[in-house]
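Participant: Here it is, the structure, as structure tokens.
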Amino acid sequence: MKHYEYEITKHANEDFTHLVYFCNAEGECSIDQVPENQINMLTDMFNRRGTGGWEIVQTLFGKDGIIIFWKREIEQYQNA
């Protein structure tokens, strides 16, 4: 059986001021509103964590920032 460890990280909205958190009732939203540097920041963060074995479980966007849930496989501990 595989075993995992989990980590939750918070990232303030000051770092991601123009991410599209949601679309309005009329369906108005555009990825064009997201600055390239902010996409690059997320890409770099995901790649750094990925090389450490972390996998994104879920990302939540809110008015105050982003919460990311991560997991990675760990070795099974044997009971002695």
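Participant: Apply 1/(1 + (r/R0)^6) to the Cβ-Cβ distance of GLU75 and ASN40, taking R0 = 41 Å, and write down the FRET efficiency to the nearest 0.05.
Facilitator: The formula returns an efficiency of 0.75 here.
Participant: What FRET efficiency, computed as 1/(1 + (r/R0)^6) with R0 = 25 Å and r the Cβ-Cβ distance, is obtained for GLU55 and GLU28, rounded to the nearest 0.05?
Facilitator: Here the calculated transfer efficiency is 0.15.
Participant: Please report the net charge: other residues with Cβ closer than 14 Å to the Cβ of GLY52, K and R +1, D and E -1.
Facilitator: Combined, the nearby Lys, Arg, Asp and Glu give -1.
Participant: When ranked by the protection proxy of mean other Cβ atoms within 10 Å per residue, highest first, what sequence do the peptides 66-72, 55-61, 2-8 form?
Facilitator: Highest to lowest by the protection proxy: 66-72, 55-61, 2-8.
Readers should treat all values here as calculations from the given coordinates under stated rules, not as data from a laboratory. Predicted, not measured: the structure shown is a model, and the values here were computed from it. Glycine gets a Cβ as well: all are built from the backbone with ideal geometry, and neighbour counts include every protein chain shown.
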